[in-house]
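Novice: Can you keep this structure in mind? I'll have questions shortly.
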Amino acid sequence: MAAGTFDLIHPGHVMFLREAKRLAGPGGELVVIVARDETVKKFKGREPVLSEEERLRIVSSLKPVDRAILGDLEDLLSPIIRERPDVLVLGYDQWPDEERLREELTRRGLECEVVRLPKFECLHPSSTSIIERIVKIFCGRE
């Protein structure tokens, strides 16, 4: 299982999802939680460019993804508890501390491996860097 905003899909997202699928093992299923619009606003301090439904549709169509679901507005961990993954994959910049997350999942009755992936090197490693490039090209601003 993996989770994220996936606002503007970029090479870092693709590499993250490919590695998450590899960690699922042969025949394993990769389920991806797409953050809700309200969750994005809360954690990133801005609205996403694309709506949660658009982001869900895009993530669902990506080759490494077997199934994508929307996150929960009340409890970010409830989709994880419901899906019961063997491995939970975190991106290099995602908020949870691995040990505290593992402890909370165990407290809720789920034992799973929590793996944090490194930052993948690419020209535009974030949606923000893509937005900044668009502004520079089309608005002539840095």
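Novice: When you go through 103, 113, 98, 121 one by one, which is the residue that is touching a Lys or Arg at 6+ places or on another chain (Cβ under 9 Å) and free of Cβ contacts under 8 Å to residues at least 24 places away in the same chain?
Specialist: Only one candidate passes the filter, namely 98.
Novice: Has the range 92-105 got at least one residue that is in contact with a strand residue (DSSP E or B) (Cβ under 6 Å, 6 or more places away or on another chain) and closer than 22 Å to residue 6 by Cβ?
Specialist: The answer is yes; a qualifying residue exists.
Novice: Still on this structure, I have one more. Pairs under 8 Å by beta carbon, first residue closer than 14 Å to residue 34 by Cα and in a loop (DSSP other than H, G, I, E, B) in the range 72-95, partner charged (D, E, K, R) and open to solvent by 20 Å² or more (accessible area, probe 1.4 Å), six or more apart or different chains?
Specialist: Between residues of the range 72-95 that are closer than 14 Å to residue 34 by Cα and in a loop (DSSP other than H, G, I, E, B) and residues that are charged (D, E, K, R) and open to solvent by 20 Å² or more (accessible area, probe 1.4 Å), the close pairs are 72/36; 73/36; 73/38; 77/104; 77/108; 91/116; 94/116.
Novice: Next up: Could you please tell me which pairs satisfy a Cβ distance under 8 Å, a separation of 6+ or placement on different chains, a first residue in the range 7-20 that is in contact (Cβ under 8 Å) with a residue 40 or more places away in the chain, and a second residue that is in a helix (DSSP H, G or I) and charged (D, E, K, R)?
Specialist: Here the result reads 7/55, each pair linking the range 7-20 to a residue that is in a helix (DSSP H, G or I) and charged (D, E, K, R).
Novice: Of a type in the set (D, E, K, R), part of a helix (DSSP H, G or I) and either farther than 24 Å from residue 48 by Cα or in contact with a Pro (Cβ under 6 Å, 6 or more places away or on another chain) (or both): is that true of residue 103 in this structure?
Specialist: yes
Novice: Something else now. Kindly indicate whether residue 80 is open to solvent by 40 Å² or more (accessible area, probe 1.4 Å) and either touching a Phe, Trp or Tyr at 6+ places or on another chain (Cβ under 8 Å) or over 14 Å from residue 7 (Cβ atoms) (or both).
Specialist: The answer is no for residue 80.
Novice: Then there's this: Which of the numbered conditions does residue 102 fail, given that it passes all the others? Conditions: (1) closer than 20 Å to residue 17 by Cβ; (2) open to solvent by less than 80 Å² (accessible area, probe 1.4 Å).
Specialist: Every condition holds for residue 102 apart from (1).
Novice: If you don't mind, another one. Output yes when any residue across the range 127-135 is surrounded by 15 or more Cβ atoms within 10 Å (Cβ to Cβ) and in contact with a Cys (Cβ under 8 Å, 6 or more places away or on another chain), and no when none is.
Specialist: Among the residues of the range 127-135, not one is surrounded by 15 or more Cβ atoms within 10 Å (Cβ to Cβ) and in contact with a Cys (Cβ under 8 Å, 6 or more places away or on another chain), which makes the answer no.
Novice: Consider residue 109 against the criteria (1) modelled with pLDDT of 95 or more; (2) of a type in the set (Gly, Ala, Ser); (3) surrounded by 12 or more Cβ atoms within 10 Å (Cβ to Cβ): it satisfies all of them except one. Which criterion is unmet?
Specialist: For residue 109, the failing item is (3).
Novice: Being part of a loop (DSSP other than H, G, I, E, B) and open to solvent by 60 Å² or more (accessible area, probe 1.4 Å) is the filter here, so list the residues in the range 1-60 that pass it.
Specialist: If the condition is that a residue be part of a loop (DSSP other than H, G, I, E, B) and open to solvent by 60 Å² or more (accessible area, probe 1.4 Å), then 26, 27, 29, 45, 46, 47, 49 are the ones that fit.
The values are calculated or read from the model by the stated rules, or taken from the named source; none is laboratory data. Predicted model only: the values in this text are computed from it and were never measured. Positions of Cβ are backbone-derived with ideal geometry, glycine not excepted, and every protein chain shown enters the neighbour counts. Accessible surface areas use protein heavy atoms only, side chains included; no ligands, DNA or RNA. Shrake-Rupley method; radii C 1.70, N 1.55, O 1.52, S 1.80 Å.
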